[in-house]
Amino acid sequence: MKITKISPAVKTEGRYNVFLDEQYSFSLYESQLVKLGLKKGQEISEEQLQELKSESDFGKNYVRAVDLISRRLRSEREIRDYAFRKQWLPENTEKVIKRLYKFNFLDDEKFAKAFVASRSNRDFSAKKMKVELIKKGIRSDLIEMVLEENTEFDEIESLKKLIKKKRTHYSDKRKLIAYLVGKGFNYGDIMKELKEEE
C-alpha cells in the first residue's frame with residue numbers, strides 16, 4: 001500500500017487525513033504526522049498500517065481526555081471509566097493516562113482538593129464527600145488529609161444551611177431527620193441543631 005494523499009481534515013483543525021491507494025485510511029494530528037515522518041508516496045505494510053491506526057486512535061483519545069479535563073478536573077478513575085465506556089484500546093488508555101500525568105493534567109490530590117473546595121459552601125456532609133470521592137477512585141488516606149486541610153469546610157454550618165433550606169419542605173420532623181441522615185450528617189448533630197432551631 002502507498003500513501004497517495006495527505007490532506008487537512010475538514011472537521012478537526014490540526015488533524016490530517018491519510019489516504020492509501022486513493023482511499024481514506026486514517027487521520028493523525030500534525031504532531032503525530034511529523035513525529036512519524038509520513039509523506040506522500042511512502043509504502044506502508046499491513047503491520048505498519050495497524051500501528052498507524054492505533055496511533056490515530058491514541059491521538060483522538062488523548063485529545064478527548066484533555067478536553068474532559070479542561071471542562072473540570074478529573075480523577076484517574078474517571079478517565080479510566082470514560083475510556084472503558086468508549087471502548088478505547090487498553091494500551092491506548094494506558095498511554096493516555098501516562099501522558100496526562102507527564103503534563104500534570106492528572107493529579108488525584110489536586111482533584112480531591114478542588115472537589116472538597118467546590119462543595120465546602122454547599123449542603124454536603126463530610127461523609128457524603130468521602131463516598132463521592134471513593135466512587136471517583138480517590139484513596140481514603142488522601143480523602144482524610146484533604147478534608148483535614150480544608151479550612152473552609154464546616155460540616156455543622158452545612159447542616160444548619162440544609163435544615164434552614166429544607167425545614168419548610170417537611171412537615172413531619174422524622175422525615176426531615178431521615179433526609180438529613182441520608183445526606184450523611186450525624187444523627188446527634190442533626191438532633192442538636194434541630195433543638196437549637198426550635
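Out of all the residues in segment 108-143, which are among the acidic types (Asp, Glu) and free of Cβ contacts under 8 Å to residues at least 12 places away in the same chain? Once the filter is applied, which keeps residues that are among the acidic types (Asp, Glu) and free of Cβ contacts under 8 Å to residues at least 12 places away in the same chain, segment 108-143 yields only Asp141.
Evaluation of Ser120 against the conditions (1) surrounded by 16 or more Cβ atoms within 10 Å (Cβ to Cβ); (2) over 18 Å from Leu73 (Cβ atoms); (3) modelled with pLDDT under 85; (4) of a type in the set (S, T, N, Q) shows that the sole unmet condition is (2). Within segment 52-73, restricting attention to residues that are acidic (Asp, Glu) and within 15 Å of Ser27 (Cβ to Cβ), the residue that is surrounded by the fewest Cβ atoms within 10 Å (Cβ to Cβ) is Asp57.
So which of Ser118, Ser171 is assigned to a helix (DSSP H, G or I), of a type in the set (S, T, N, Q) and not assigned by TED's automatic domain parsing to the domain that holds Arg72? One residue alone meets the criteria, Ser118. Condition first: touching a residue at least 24 places away in the same chain (Cβ under 8 Å) and more than 22 Å from the chain's Cα centre (by Cα). Can you find one or more residues in segment 74-86 that meet it? Checked segment 74-86: no residue is touching a residue at least 24 places away in the same chain (Cβ under 8 Å) and more than 22 Å from the chain's Cα centre (by Cα).
Test Val181 against the criterion of being under 24 Å from Arg72 (Cα atoms), touching a helix residue (DSSP H, G or I) at 6+ places or on another chain (Cβ under 8 Å) and surrounded by 14 or more Cβ atoms within 10 Å (Cβ to Cβ), and give yes or no. For Val181, the condition - under 24 Å from Arg72 (Cα atoms), touching a helix residue (DSSP H, G or I) at 6+ places or on another chain (Cβ under 8 Å) and surrounded by 14 or more Cβ atoms within 10 Å (Cβ to Cβ) - is not met.
Residues in segment 84-93: is at least one at positive phi and either in contact with a helix residue (DSSP H, G or I) (Cβ under 8 Å, 6 or more places away or on another chain) or of a type outside the set (Gly, Ala, Ser) (or both)? Scanning segment 84-93, I find at least one residue that is at positive phi and either in contact with a helix residue (DSSP H, G or I) (Cβ under 8 Å, 6 or more places away or on another chain) or of a type outside the set (Gly, Ala, Ser) (or both), so the answer is yes. Residues that are at pLDDT 90 or above and assigned to a loop (DSSP other than H, G, I, E, B) within segment 123-144 comprise Lys136, Gly137, Ile138, Arg139, listed in sequence order. Can Phe111 be described as surrounded by 16 or more Cβ atoms within 10 Å (Cβ to Cβ), out of contact with any helix residue (DSSP H, G or I) (no Cβ under 7 Å at 6 or more places or on another chain) and either not assigned by TED's automatic domain parsing to the domain that holds Ile143 or not β-branched (Val, Ile, Thr) (or both)? Yes: the conditions hold for Phe111.
Conditions tested, residue by residue: (1) touching a strand residue (DSSP E or B) at 6+ places or on another chain (Cβ under 8 Å); (2) more than 30 Å from Arg119 (Cβ to Cβ).
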site: Gln42; (1), (2): yes, yes
site: Ser45; (1), (2): no, yes
site: Arg71; (1), (2): no, no
site: Ala83; (1), (2): no, no
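The values are calculated or read from the model by the stated rules, or taken from the named source; none is laboratory data. All of these numbers come straight from a predicted model, not from anything done at the bench. Positions of Cβ are backbone-derived with ideal geometry, glycine not excepted, and every protein chain shown enters the neighbour counts.
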